[in-house]
Amino acid sequence: MQIFEQVESQVRSYIRAFPTVFEKSKGAMLYDEQGKAYIDFFAGAGTLNYGHNNEAITTAMINYLQNDGVVHALDMGTTAKKRFLETFTNTVLTPRNLTYKIQFTGPTGTNCVETALKLARRVKGRSNIISFTNGFHGLTMGSTAITGNKHYRHESYVNRSNVSFMPYDGYLGPNVNTIDYLRKALSDNSSGLDIPAAVIVETIQAEGGVNVAGFEWLRQLEQVCRDFDILLIIDDIQVGNGRSGDFFSFEAAGISPDMVTLSKSIGGGLPMAILLLKPELDEWKPGEHTGTFRGNNLAFVASAAALSTYWQDDAFSQSIKRKSAVLKEELEKTAQEFPTLKANVRGRGLIYGLEIPAQGFAKKVSQNAFKRGLVIELAGARGQVVKFLPPLTIEEETLHRGIEIVNEAIAASAGS
Ligand SMILES: Cc1ncc(COP(=O)(O)O)c(C=O)c1O
């Protein structure tokens, strides 16, 4: 570990929570240099939905490289990009009657969010954006401005203008519909709230603590956007790509966002991001929003392989929903088995949170789980939520074993 401590910046983060050197990985497993095996319930924060070194994906990439496929081409036309566009259209958009245009952005989530904000402001000619309490959208300037957590928002470097934060679903308790407040503030000339170009929202706030918005709340939010001529952007970077059980997290709510940000698993594990936009919003001039790494052709190959392996029919979606039911049931049992924790279980698909209010307890659970061979991260403003984010391809047996380790880690944390 010495080289990391000596040479790498203090800013390093996950290596502190999981202090080992990983060498190999396969499916839902990671192996460190000592050969110790770890179940991965973190999945690259939602980048490894198809597991580590997925056979279908790696085979496609190896073949592509061995055939001298183009790896980098800015946004020029390539065979890999053509195949990706065809595959995404045929497996994701057309079956869902979606007619989005696809914009390739820089390959990280925050690049995609920045693009969405810029386009919304450009189209509507307004600068304000509404974001929500506990929202997380990335850490470049514009994305940090719409991210709630103070940890990321030092006033010396965050531009705090042109953003209004509104209470997310449930923020004011189960009996308050926060959409009522939003609607009132937008209607009232004297509320101080400027009509924004867009509202940006996660249907499930992943980093923010696995807070799940109700479908009815999302529908009401969409209606407010329509009533006030505001664009609705769904940030599906972490909970899209099947995480919620459907390809898009907003499908079950029956809403029709104006823009959707996708990154993380859209690249089949490689860096890639796309912005989906309703065709009438495509007001860009050629080259107006550009960037060198918008043509990661290896990621296009990986993505097309993942989409054609898992999204041709709804079998994969059904399997995620089956595993989701197992995860939910097991976590509810855990909460009952340890009543003194006052734990709260919430989630959808294969993202679940176990909120443990006692300060520092969730962190102990993650640390004790790691010692026992499980990589599991925390979420929430105080790191009070143990976040379950296994690869969607995880075998049920491994899922059970991972949950068992969490139970052992809770028992150990309570004892210490
Ligand atoms: C919902 C959401 N949006 C945006 C981002 C930023 O993505 P990136 O870290 O790739 O910039 C994240 C990252 O966790 C995210 O969860």
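Summary of computed values
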item: Test: T115 is crowded, with 22+ Cβ neighbours inside 10 Å and either within 20 Å of P271 (Cα to Cα) or among the hydroxyl-bearing types (S, T, Y) (or both); result: yes
item: Every residue from segment 188-218 that is over 18 Å from L232 (Cβ atoms) and out of contact with any Lys or Arg (no Cβ under 9 Å at 6 or more places or on another chain); result: D188, N189, S190, G192, G208
item: Residue match in segment 58-68 (condition: out of contact with any Pro (no Cβ under 9 Å at 6 or more places or on another chain), in contact (Cβ under 8 Å) with a residue 60 or more places away in the chain and more than 27 Å from T292 (Cα to Cα)); result: no
item: Near pairs, Cβ below 7 angstrom, 6+ apart or cross-chain, from segment 1-19 (part of a loop (DSSP other than H, G, I, E, B)) to any residue that is exposed (fewer than 10 other Cβ atoms within 10 Å of the Cβ); result: P19/M1
item: Segment 217-241 residues that are more than 18 Å from G269 (Cα to Cα) and touching a residue at least 12 places away in the same chain (Cβ under 8 Å), paired with ones that are among the small types (G, A, S) and more than 15 Å from the ligand (Cβ to nearest atom) (beta carbon under 7 Å, 6 or more apart); result: L218/A253; R219/A253; R219/G254; L231/A120; L231/A197; I233/A120
item: Filter result (open to solvent by 10 Å² or more (accessible area, probe 1.4 Å) and either within 14 Å of the ligand (Cβ to nearest atom) or under 15 Å from the mean Cα position of the chain (by Cα) (or both)) within segment 254-284; result: K264, G268, G269, L270, P271
item: Of all residues making up segment 197-253, the number that are within 12 Å of the ligand (Cβ to nearest atom) and over 18 Å from the mean Cα position of the chain (by Cα); result: 0
item: From T89, T94, T79, residue being within 24 Å of E283 (Cβ to Cβ), at pLDDT 95 or above and open to solvent by 20 Å² or more (accessible area, probe 1.4 Å); result: T89
item: Where D169 falls short, out of the listed (1) of a type outside the set (V, I, T); (2) open to solvent by 20 Å² or more (accessible area, probe 1.4 Å); (3) away from the ligand (no atom under 16 Å from the Cβ); (4) under 20 Å from the mean Cα position of the chain (by Cα); result: (3)
item: Single unsatisfied condition, L119 versus (1) part of a helix (DSSP H, G or I); (2) free of Cβ contacts under 8 Å to residues at least 40 places away in the same chain; result: (2)
item: Qualifying residue in segment 92-111 (condition: within 20 Å of E222 (Cβ to Cβ) and within 11 Å of the ligand (Cβ to nearest atom)); result: no
item: Enumeration of residues in segment 46-67 that are in a helix (DSSP H, G or I) and open to solvent by 20 Å² or more (accessible area, probe 1.4 Å); result: E55, A56, T58, T59, A60, M61, I62, N63, Y64, L65, Q66
item: The lone exception for V21 - which of (1) surrounded by fewer than 15 Cβ atoms within 10 Å (Cβ to Cβ); (2) under 21 Å from the mean Cα position of the chain (by Cα) it fails; result: (2)
item: Checklist (1) in a loop (DSSP other than H, G, I, E, B); (2) within 22 Å of L182 (Cα to Cα); (3) within 11 Å of the ligand (Cβ to nearest atom) applied to S127, failing item; result: (3)
item: Residue list for segment 135-155, filter: in a loop (DSSP other than H, G, I, E, B), among the polar types (S, T, N, Q) and within 11 Å of the ligand (Cβ to nearest atom); result: T140, T147
item: Verdict on A253 being touching a Lys or Arg at 6+ places or on another chain (Cβ under 9 Å) and closer than 24 Å to N63 by Cα; result: no
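The values are calculated or read from the model by the stated rules, or taken from the named source; none is laboratory data. As the structure is a prediction and not an experimental result, all values here were calculated from the model. Heads up, the Cβs are rebuilt from the backbone with ideal geometry, glycines too, and the neighbour counts pull from every protein chain shown. Accessible surface is based on the protein model in full, side chains and every heavy atom, while ligands, DNA and RNA are left aside. Shrake-Rupley method; radii C 1.70, N 1.55, O 1.52, S 1.80 Å.
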